[in-house]
Structures are given as structure tokens and as C-alpha cells.
1. From the Cα gyration tensor of region 44-108, with a ≥ b ≥ c the square roots of its eigenvalues, which class applies: rounded if a/c is under 1.5, or else prolate if a/b is larger than b/c, or else oblate?
2. For the pair Ser48 and Thr14, how long in nm is the line joining their label points, each one 7 Å along Cα→Cβ?
3. Just how large is the dipole of the chain about the Cα centre, in debye to the nearest 20, putting +1 at every Lys and Arg Cβ and -1 at every Asp and Glu Cβ?
4. Sort out the exposed loop GluC sites (Glu not before Pro) in the chain (DSSP loop, at most 14 other Cβ within 10 Å) and tell me the longest stretch that has none.
5. Taking all protein chains as present, what is the carbon and sulfur share of the accessible area of the chain, in % to the nearest whole number, probe 1.4 Å?
6. Which Cα, out of Leu143, Gln97, Trp118, lies furthest along the positive dipole direction of region 54-145 (beta carbon charges, K/R +1, D/E -1)?
7. Once Lys and Arg get +1 and Asp and Glu get -1 on their Cβ, which of Met16, Ala133, Leu86 lies farthest toward the positive end of the dipole of the chain?
8. May I ask you to rank Met16, Met78 by accessible area, largest first, using a 1.4 Å probe over the protein chains only?
Amino acid sequence: MGTGHWAVPSAIDTVMTWNYDVENADLRALYEKAKRDQWNATTQLDWSLDVDPQGEVLDDDINPNVALLRDSEIWRKMTPKEQRQLRYETLAWNLSQFLHGEQLAIFVAGQLTSAVPWIDAKLYGATQVVDEARHAEVFYRYLVAT
């Protein structure tokens, strides 16, 4: 994976609050539920499973890149090796797009968390930041492993 940076300019006010009392019981309940039910990708996913990156990770019927080509003359002209390579490259591209989207979700959730004026929303928003971070972690680890 590359080592680049892309700065995204943004202008959003960060709002501090000095009121730590529960103001929105529903948001506080979501925060408590998120703390209790968080999952850990490192310990709760089986990373020892062997995945053949050129195998049919997705069924051809639901892999959009293959489904669009499978009944075409282009597909019929491809060797099985070329078909496997197409599966691999297009799935890797799609998963990398999800990875980048999850990083953007971390950014957006963090900005929203800093902008809301209520502590209950900030606490719950922070759990959303962590959840998006887990998604990015999983997509990255899967892509690197394959």
C-alpha cells in the first residue's frame, strides 16, 4: 500500500461544552450500547483463513465486474487464467474503494462529533469514529493479506 496524503480542506466549528449531564437519554443509551457491543477485528475475526485472491471470493453472479462481462464475447475470449486475474483485480479495486470510503467516514464522524454541542452526541459520535476505524482496519488487513 502506498504512503501518500491528500489534504481535504474543511471549515467546521468545533464546539466545546461544559455541561456533562445527560441531556438526551436516547443518545446516552446508544453510547452505552456501543461501548458494550463493540467488536475487535484483531481478536474476533479469524485472520488465519487462507483466501485465494484469484479464486471466486464473490460468486460471479454478485460480482458486478464479472456479471457485466460474463455473457460477453470479451469474457468468452479470455482464458481461465485471465478470468481469474480479472476477478482479483476488480475485487481488489472495489475493496480499496471501500477502504478509502471508510477513512472518509472516520473523518466525517470525527468532524460531526466535534461540531455537535451536546455531550451525549459527542460521546456517541466518538463510538461511530471507532466503528469506522474498525471498518478501515478490516478492509486494509484483508487487502494486504490477499
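1. oblate
2. The two pseudo-label positions are separated by 4.3 nm.
3. Roughly 280 debye, rounded to the nearest 20.
4. 57-146
5. Reported share for carbon and sulfur atoms: 59 percent.
6. Farthest towards the positive pole: Leu143.
7. Leu86
8. Met16, Met78
The values are calculated or read from the model by the stated rules, or taken from the named source; none is laboratory data. Small disclaimer: the values here were computed from a predicted structure and weren't measured. Cβ sites come from the backbone with ideal geometry, for glycine too, and all protein chains shown count toward neighbours. The protein model used for the area step is the full one, side chains on, heavy atoms only, and it has no ligands, DNA or RNA in it. Shrake-Rupley method; radii C 1.70, N 1.55, O 1.52, S 1.80 Å.
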